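The values are calculated or read from the model by the stated rules, or taken from the named source; none is laboratory data. Predicted model only: the values in this text are computed from it and were never measured. Heads up, the Cβs are rebuilt from the backbone with ideal geometry, glycines too, and the neighbour counts pull from every protein chain shown. These accessible areas exclude ligands, DNA and RNA; they are computed on the full protein's heavy atoms, side chains included. Shrake-Rupley method; radii C 1.70, N 1.55, O 1.52, S 1.80 Å.
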Amino acid sequence: MTTTFFANARLIDPVALTDAIGALMVDGDKIVAIGEEIQPPKDAYIVDCGGHCLAPGIIDIGVKVSEPGERHKESFRSAGMAAAAGGVTTIVTRPDTLPAIDTPETLEFVERRAQLDAPVHVLPMAALTKGRAGREMTEIGFLQDAGAVAFTDCDRVVTDTKVFSRALTYARSLDALVIGHVQEPGLSEGAAVTSGKFASLRGLPGVSPLAERMALDRDISLLEMTGARYHVDQITTARALPALERAKRNGLQITAGIGVHHLTLNELDVADYRTFFKLKPPLRSEDDRLAVVTAVAEGLIDIISSMHTPQDEESKRLPFEEAASGAVGLETLLPAALRLYHSEAIDLPRLFRALSRNPARLLGLPAGRLSEGAPADLVLFDPDAPFQLDRTQLLSKSKNTPFDGARMQGKVLGTWVAGARIWGQP
């Protein structure tokens with residue numbers, strides 16, 4: 001067992017919401033002491049943090065790793081290394097693979113691959129319905145026993161309310177978490193951007209922001225009926241926020257997330273049909289972006305994630321309407337999120353509440369905190385270090401990032417999982 005002593009660290013505590021200089025000591029895979037006055041034992045390995053930020057490792061919900069079926073886009077090895085480079089210590093993977101992860105056998109294959117290849121913790125989600133087709137629910141109990149931490153059909157909305165309500169009721173009986181995508185499917189089908197003046201000027205098919213609110217209203221009604229635990233993968237519009245606030249105030253077990261791209265980019269970034277900016281849901285107006293930033297700072301939106309969706313060049317180098325949706329984000333999640341800190345929209349403890357603490361609470365994990373007995377999953381970073389992103393240097397197999405060439409601030413200096421350094425120079 002190795003004792004590691006982090007000296008001269010700027011400790012970011014998302015539980016106490018504090019940001020202060022101090023020290024932290026790790027013994028084996030646990031944090032054993034934290035504070036200003038602690039001293040290292042004689043045989044401790046000293047990490048001089050140089051006044052840089054030490055925070056709980058990021059827990060990223062909604063990462064697509066393209067195994068099985070599309071390993072050329074992303075593997076557990078490449079995703080794991082990209083996560084380590086981005087300060088992400090736990091990835092929660094989506095089941096929208098080929099085939100979908102909808103049986104215990106497929107789930108066990110994924111778990112074996114992850115354990116062999118990924119240097120970070122990997123927690124798999126499973127499909128809510130067979131083949132993500134929305135017609136018949138999966139064996140939620142068996143999948144939960146096999147290790148599924150949540151159930152979702154990802155960006156496919158279950159349109160049959162009877163099937164969805166039965167799945168929610170069954171999930172409630174097992175205290176299983178269901179994750180949903182709130183876009184009214186009829187309105188959003190075929191849409192490439194958010195409707196409005198910009199979409200009209202570009203001649204692109206758009207979807208109204210109200211499509212999100214309509215789908216959320218339906219799901220909230222079903223939660224009132226079933227009492228299930230439910231997480232919305234992304235709330236991206238101002239119109240949806242009052243409904244979310246009412247549902248929380250009324251005591252429903254509902255939480256919400258948002259992808260970092262929707263917090264830091266808007267619909268105008270699509271510019272002249274730049275397909276790396278094609279996302280699902282599409283980028284929103286600046287007014288919507290500012291509204292969801294405020295919702296994150298106030299805690300109404302609970303979680304920030306990368307919504308890491310690797311797409312190969314052949315899928316993106318197409319006319320905007322035909323190009324695949326999604327962007328990689330494991331390595332850019334932290335520097336992109338730090339844009340909110342540098343613009344003084346949110347402080348670092350509240351930022352890591354959304355990146356680490358709230359995801360851990362949602363999944364019942366002991367991580368996401370700087371306290372004695374917590375897992376030693378940590379990220380050391382310089383929030384002010386400037387750089388220009390070069391997508392060819394990303395460790396993900398796919399390079400489809402909208403931040404290519406962007407000037408950013410915030411570099412990961414080291415990442416530790418279970419007390420072992422997996423990224424950065426000793």
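Among the residues of the range 98-109, what is the count of those that are among the β-branched types (Val, Ile, Thr) and either farther than 22 Å from residue 233 by Cα or surrounded by fewer than 24 Cβ atoms within 10 Å (Cβ to Cβ) (or both)?
Step one: of the range 98-109, the residues among the β-branched types (Val, Ile, Thr) are 101, 103, 106.
Restricting the remaining residues to those that are either farther than 22 Å from residue 233 by Cα or surrounded by fewer than 24 Cβ atoms within 10 Å (Cβ to Cβ) (or both) gives 103, 106.
Summing the residues that are among the β-branched types (Val, Ile, Thr) and either farther than 22 Å from residue 233 by Cα or surrounded by fewer than 24 Cβ atoms within 10 Å (Cβ to Cβ) (or both) in the range 98-109 gives 2.
I'd like to know if the range 405-413 contains one or more residues that are open to solvent by less than 20 Å² (accessible area, probe 1.4 Å), more than 27 Å from residue 66 (Cβ to Cβ) and over 19 Å from the mean Cα position of the chain (by Cα).
no
For residue 201, indicate whether it is over 18 Å from residue 300 (Cβ atoms), open to solvent by 20 Å² or more (accessible area, probe 1.4 Å) and modelled with pLDDT of 95 or more. Before you say what the answer is, go through the steps one by one.
Working: over 18 Å from residue 300 (Cβ atoms): yes; open to solvent by 20 Å² or more (accessible area, probe 1.4 Å): yes; modelled with pLDDT of 95 or more: no.
It is false that residue 201 is over 18 Å from residue 300 (Cβ atoms), open to solvent by 20 Å² or more (accessible area, probe 1.4 Å) and modelled with pLDDT of 95 or more.
Can you tell me how many residues in the range 1-15 are open to solvent by 60 Å² or more (accessible area, probe 1.4 Å), in a loop (DSSP other than H, G, I, E, B) and either touching a Cys at 6+ places or on another chain (Cβ under 8 Å) or at pLDDT 95 or above (or both)? Give the steps one after another, and end with the answer.
The first filter runs over the range 1-15 and keeps only residues open to solvent by 60 Å² or more (accessible area, probe 1.4 Å), leaving 1-2, 8, 15.
Next cut, in a loop (DSSP other than H, G, I, E, B) only: 1-2, 15.
If we keep only those that are either touching a Cys at 6+ places or on another chain (Cβ under 8 Å) or at pLDDT 95 or above (or both) as well, we get 15.
So the answer is 1.
Here are 64, 30, 73: which of them is under 27 Å from residue 396 (Cα atoms), basic (Lys, Arg) and over 16 Å from the mean Cα position of the chain (by Cα)? Before the answer, list the steps.
Values: 64 fails: over 16 Å from the mean Cα position of the chain (by Cα); 30 fails: under 27 Å from residue 396 (Cα atoms).
After applying the criteria, what remains is 73.
So which residues in the range 371-426 are in a strand (DSSP E or B) and polar (S, T, N, Q)? Can you show your working first?
Here is the first cut: in the range 371-426, the residues in a strand (DSSP E or B) are 375, 378-388, 407-417, 420-423.
Answer for the range 371-426, where residues must be in a strand (DSSP E or B) and polar (S, T, N, Q): 388, 409, 415.
Taking the conditions exactly as written (at pLDDT 95 or above and not in a helix (DSSP H, G or I)), does residue 163 satisfy them or not?
Working: at pLDDT 95 or above: yes; not in a helix (DSSP H, G or I): no.
Considered against the rule, which asks whether it is at pLDDT 95 or above and not in a helix (DSSP H, G or I), residue 163 comes out as no.
From the list 189, 139, 184, 224, pick out the single residue that is closer than 21 Å to residue 105 by Cβ and free of Cβ contacts under 8 Å to residues at least 60 places away in the same chain. Walk me through how you get there before you give the answer.
Details: 189 fails: closer than 21 Å to residue 105 by Cβ; 184 fails: closer than 21 Å to residue 105 by Cβ; 224 fails: closer than 21 Å to residue 105 by Cβ.
One residue alone meets the criteria, 139.
Is there any pair with a first residue in the range 238-263 that is in contact (Cβ under 8 Å) with a residue 40 or more places away in the chain and surrounded by 19 or more Cβ atoms within 10 Å (Cβ to Cβ) and a second that is of a type in the set (Val, Ile, Thr) and part of a helix (DSSP H, G or I) whose Cβ atoms are under 6 Å apart and which are 6 or more apart or on different chains, and what are they?
Note: pairs meeting the criteria are 258/292; 263/293.
Let's see how each residue does on (1) closer than 14 Å to residue 90 by Cα; (2) among the hydrophobic types (A, V, I, L, M, F, W, C); (3) surrounded by fewer than 24 Cβ atoms within 10 Å (Cβ to Cβ); (4) modelled with pLDDT of 95 or more:
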{"site": "324", "(1), (2), (3), (4)": "no, yes, yes, yes"}
{"site": "336", "(1), (2), (3), (4)": "no, yes, no, yes"}
{"site": "339", "(1), (2), (3), (4)": "no, no, yes, yes"}
{"site": "342", "(1), (2), (3), (4)": "no, no, yes, yes"}
{"site": "345", "(1), (2), (3), (4)": "no, yes, yes, yes"}
{"site": "349", "(1), (2), (3), (4)": "no, no, yes, yes"}
{"site": "355", "(1), (2), (3), (4)": "yes, yes, no, yes"}
{"site": "364", "(1), (2), (3), (4)": "yes, no, yes, yes"}
{"site": "374", "(1), (2), (3), (4)": "no, yes, yes, yes"}
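Kindly state which strands (runs of 3 or more DSSP E) lie completely within the range 22-91 and contain at least 3 residues that are at negative phi, in contact (Cβ under 8 Å) with a residue 24 or more places away in the chain and open to solvent by 50 Å² or more (accessible area, probe 1.4 Å). Working first, answer last.
Numbers: elements: 30-35, 45-48, 53-56, 58-63.
Of the strands (runs of 3 or more DSSP E) lying wholly inside the range 22-91, those with at least 3 residues that are at negative phi, in contact (Cβ under 8 Å) with a residue 24 or more places away in the chain and open to solvent by 50 Å² or more (accessible area, probe 1.4 Å) span 30-35, 45-48.
Consider residue 367 carefully, then state whether it is in contact with an Asp or Glu (Cβ under 7 Å, 6 or more places away or on another chain) and either farther than 19 Å from residue 291 by Cα or not in a helix (DSSP H, G or I) (or both). Can you show your working first?
Numbers: in contact with an Asp or Glu (Cβ under 7 Å, 6 or more places away or on another chain): yes; either farther than 19 Å from residue 291 by Cα or not in a helix (DSSP H, G or I) (or both): yes.
For residue 367, the condition - in contact with an Asp or Glu (Cβ under 7 Å, 6 or more places away or on another chain) and either farther than 19 Å from residue 291 by Cα or not in a helix (DSSP H, G or I) (or both) - is met.
Might you let me know whether the range 385-397 holds any residue that is open to solvent by less than 10 Å² (accessible area, probe 1.4 Å) and within 17 Å of the chain's Cα centre (by Cα)?
Going through the range 385-397, the residues open to solvent by less than 10 Å² (accessible area, probe 1.4 Å) turn out to be 396.
Keeping just the survivors that are within 17 Å of the chain's Cα centre (by Cα) gives 396.
Checked against the condition, which is being open to solvent by less than 10 Å² (accessible area, probe 1.4 Å) and within 17 Å of the chain's Cα centre (by Cα), the range 385-397 yields at least one hit.
Take the range 166-187 and flag every residue that is assigned to a helix (DSSP H, G or I) and closer than 11 Å to residue 219 by Cα.
Taking the range 166-187 and keeping what is assigned to a helix (DSSP H, G or I), we get 166-173, 185-187.
The one that is assigned to a helix (DSSP H, G or I) and closer than 11 Å to residue 219 by Cα: 168.
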